[in-house]
1. Given 5 Å bins starting at zero, what is the percent of C-alpha pairs of region 40-171 in each, up to the one with the largest pair distance?
2. Over the Cα atoms of region 1-67, what Rg and Dmax result, in angstrom?
3. Highest GNM mean-square fluctuation, the chain, Cα pairs closer than 10 Å: which of S82, S156, S45?
4. Mean Kyte-Doolittle hydropathy of -1.0 or higher plus an axial Cα length of 27 Å or more: which whole DSSP H helices in the chain meet both?
5. What percentage of the solvent-accessible surface of the chain, computed with a 1.4 Å probe over protein heavy atoms, is contributed by carbon and sulfur atoms?
6. Can you show me the helix-derived [θ] at 222 nm for the chain, built from DSSP H runs with n ≥ 4 at -39,500 (n - 2.57) apiece and divided by the number of residues, rounded to the nearest 500.
7. Using the Cα atoms as the points, what is the convex hull volume per residue of the chain in Å³?
8. Connecting C-alpha atoms closer than 10 Å in a GNM of the chain, tell me which of P153, P108, P142 has the biggest fluctuation.
Amino acid sequence: NKKLLDFLLYSYFGYSSEDPEQTVKKKCAYRAYLDLARTVKYTYSSTDPEKAKVGTEAYSFAEIRKTRIEDICSKLIESIESYPNHSGDFYAWHKSECTQIIYQMSVPYNKKDFLKVGFTYGQAQKWVNMTLKYLWLLDMLPNGLSEAELHVPVDSFILEALKETQQFNTEENKITGSGESYYYNGEAWSAISEYKNYKKLQDGIRNIAEKQGISPIQWEGSAWMDVAKKRSSK
């Protein structure tokens, strides 16, 4: 039913089936940003700019933040579309994208800090990986970028799913935590600060998925839902 599908797409992504493809892709990138937004510590709290009056500094910040997020989303989609022309492997491209997002989120505004706490690889990977996941689900990945290459968007659900595996139960590769708070080698997913640690985590996930004969992003779907169901039943 087209009307029901349109309702689902609009309620979650903010687009309808009549929208241009480029608009749809940017909406996917923005939806991915919303998936991590609660972990971003801006100079102003999340509520201050929304309540600010026109002409105030908080209102100006809200406008700058909106423009910056939209710009990052546009550049991310452009980079994804040009990925088939990238000379390196997926990790090289992925690290470059994460580094670029971290830089863009760290640029001061009006000579003032944009963030209270620096943007991390953990947050950037969620932005990139969720965008790619949404494009994959909507069958909008560019030719030359395969499902098999995609990384798993790391969050507390995924860390919980991995906690009991042998792969992540060693001294140098350990997941700890309980409830809804889980840590990879002592860091929450949003605080992963070194890309080498992120790569080590993805390599371990890929190893688990390959043993099951599936891609990492396929493994992620069922693992995430299992944890979500488990948490909702408590």
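The values are calculated or read from the model by the stated rules, or taken from the named source; none is laboratory data. Values in this document were obtained by computation on a predicted structure and should not be read as measured data. Neighbour counts are summed over all protein chains in view; Cβ atoms, including those assigned to glycine, are modelled from backbone coordinates with ideal geometry. Just so you know, the surface numbers come from the protein's heavy atoms only, side chains and all, with ligands and any DNA or RNA stripped out. Shrake-Rupley method; radii C 1.70, N 1.55, O 1.52, S 1.80 Å.
1. Reading the bins upward from 0: 2, 9, 16, 18, 16, 14, 12, 8, 4, 1, 0, 0.
2. 15.3, 46
3. S45
4. Values: long enough: 57-81 (36 Å, -0.28).
Answer set is 57-81.
5. Roughly 51 percent of what the probe reaches on the chain is carbon or sulfur.
6. On the way: 9 runs with 132 residues, N = 234.
Calculated mean residue ellipticity at 222 nm is -18500 deg cm²/dmol.
7. Numbers: hull volume 37.8 nm³, N = 234.
Spelled out: Cα convex hull of the chain, divided by residues, is 161 Å³.
8. Of the options given, P108 has the highest mean-square fluctuation.
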